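Everything below concerns the one structure shown next.
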Amino acid sequence: MQFSTQNSNNTSLKSLVPERRWLRLEHLNDLWAFVGNHEDFQIESIGHSEEGRDLKVILWGKGPKRIFAWTQMHGNEPTATLACADLLQDLVSDPELMALESKIEVALVLMLNPDGAERFQRRNALGIDLNRDAVARCSAEIKAYFNFLEAFKPQWAFNLHDQRNIFSAGASEHCATLSFLAPSADEERSIRLERKVSMQMIAAIHQKLEDSLSGHFGRYSDEFYPRALGDNLMKLGIPNVLFEAGHFPGDRFRRKARELNYRGLKEALHLVATDAWELVDPALYHLIPENKSHLRDLIFRDLQFGNCRLDLALMEQEVPNKESGELEIKFRIDDIGDLSHLHGIQEYKGGILAFEGDFNQDALANGRIQSEREFVFKHGYLQEH
Ligand SMILES: [Zn+2]
């Protein structure tokens, strides 16, 4: 499989944002400086987070077709913020993109939930899931979001997230490295105009990207979530596309998902500018395999545990260490027993399992697995040998 690890077409450019999973507002300073110093961008404040952090929108382009994208409405989902930083650099250096300036106007809100990002958590400072606040609009962040949305009146919206490692592309063993959704506006999952065109847009983007990481694209279930943002944008008649950046084996920093996000957005700008999405059959959307939650970070097969032979699945958790400002990887037991229905992103075969106390998710906190290699855990952290 061929896949470039570069993040933009312009390899001479250094990323404006540090490559971090725990990406906080302070890490965007170089990006604000770059955008603030370039005459082709405008930055406006759209309000403040619950804890008073500035929420800003970056505007580019003078065209009549308006595209609105936002990242990190879940604070611990940074991949699209990195991808958008790559895109911002290219908007003022890549001639192909610069040529779109008279056709489109792009509005980007990076890190809609900076308080959550500060804590490396999904929710905002009050514990509200911003992606379930589209109807009540009680959070400061979603109030600011809708004030801007109503003034900007986008014809297209891109809702950019990260997904958990458990998602496979269909029933395959492949990680869904990028997933899509054209949300539903009602329980019946009707395909009204705004949903149909969103499906066409996704199918068009998928066609452009599929060859670069074949079999690693997924589609979310179109179940209706009455309080979710995308579902409510559809109700307002705004076509919108969800991107969910996902895992790839050995790619902890999600570089592949970052590149797919970047390229997907770049394609989207072209497709909106040229209306080329209109030529794509919306039925192709349903041919993208629907995600299944069949993957686990680590699976040990056929382990001896007491008198039993069984499988063990572990998941990695990213735990923020406030003192160091860095994430630490802690392991927890996901399941134990016959796990033949699951796939491990990494798998080991045979060996002996030992842990202290009764089974629970922390049972492995102090334990040992002697398999193809030895794993020793202390307080849930893997001890390096
Ligand atoms: Zn999310």
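The values are calculated or read from the model by the stated rules, or taken from the named source; none is laboratory data. Note that this is a predicted model, so its numbers are computed, not measured. Positions of Cβ are generated from backbone atoms using ideal geometry, with glycine treated the same way; all protein chains shown enter the neighbour counts. For accessibility, only protein heavy atoms count, side chains too; no ligands or nucleic acids. Shrake-Rupley method; radii C 1.70, N 1.55, O 1.52, S 1.80 Å.
Tabulated data for the structure shown
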quantity: Extreme residue, surrounded by the most Cβ atoms within 10 Å (Cβ to Cβ), among residues of the stretch 163-198 that are of a type outside the set (A, V, I, L, M) and part of a strand (DSSP E or B); calculated: Cys175
quantity: The stretch 77-103 - residue that is part of a loop (DSSP other than H, G, I, E, B) and within 22 Å of Ile142 (Cα to Cα) and, of those, farthest from the ligand (Cβ to nearest atom); calculated: Pro78
quantity: Residue selected from the stretch 45-76 under the condition surrounded by 23 or more Cβ atoms within 10 Å (Cβ to Cβ) and not in a strand (DSSP E or B), by the criterion nearest to the ligand (Cβ to nearest atom); calculated: Met73
quantity: Residue among Gly264, Gly230, Gly215, Gly250 that alone is open to solvent by less than 60 Å² (accessible area, probe 1.4 Å), assigned by TED's automatic domain parsing to the domain that holds Phe167 and in a loop (DSSP other than H, G, I, E, B); calculated: Gly215
quantity: Count of the stretch 139-162 residues which are more than 14 Å from the ligand (Cβ to nearest atom) and either in contact with a strand residue (DSSP E or B) (Cβ under 8 Å, 6 or more places away or on another chain) or assigned to a loop (DSSP other than H, G, I, E, B) (or both); calculated: 14
quantity: Contacts under 9 angstrom Cβ, first residue in the stretch 257-268 being free of Cβ contacts under 8 Å to residues at least 60 places away in the same chain, partner open to solvent by 10 Å² or more (accessible area, probe 1.4 Å), 6 or more apart; calculated: Arg263/Lys208; Arg263/Ser212
quantity: Residue within the stretch 315-325 that is surrounded by 13 or more Cβ atoms within 10 Å (Cβ to Cβ), within 25 Å of the chain's Cα centre (by Cα) and among the hydroxyl-bearing types (Ser, Thr, Tyr) present; calculated: no
quantity: Subset of the stretch 333-359 that is open to solvent by 70 Å² or more (accessible area, probe 1.4 Å) and in contact with a strand residue (DSSP E or B) (Cβ under 8 Å, 6 or more places away or on another chain) - its residue that is nearest to Leu303 (Cα to Cα); calculated: Ile352
quantity: Among residues of the stretch 57-102, those that are free of Cβ contacts under 8 Å to residues at least 12 places away in the same chain and under 24 Å from Leu149 (Cβ atoms), counted; calculated: 0
quantity: Test: residue in the stretch 346-369 that is within 26 Å of the chain's Cα centre (by Cα), over 30 Å from Gln155 (Cβ atoms) and at pLDDT 95 or above; calculated: yes
quantity: Among the residues listed as Glu141, Glu150, the single one being of a type outside the set (A, V, I, L, M, F, W, C) and surrounded by fewer than 22 Cβ atoms within 10 Å (Cβ to Cβ); calculated: Glu150
quantity: Number of positions in the stretch 285-305 that are open to solvent by 60 Å² or more (accessible area, probe 1.4 Å) and not in a strand (DSSP E or B); calculated: 2
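A quick yes/no check of all residues on (1) in contact (Cβ under 8 Å) with a residue 60 or more places away in the chain; (2) in the same structural domain as Thr71 (by TED's automatic domain parsing); (3) in contact with a His (Cβ under 6 Å, 6 or more places away or on another chain):
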position	(1), (2), (3)
Glu141	yes, yes, no
Phe148	yes, yes, no
Leu160	yes, yes, no
Cys175	yes, yes, yes
Pro183	no, yes, no
Arg192	no, yes, no
Ser198	no, yes, no
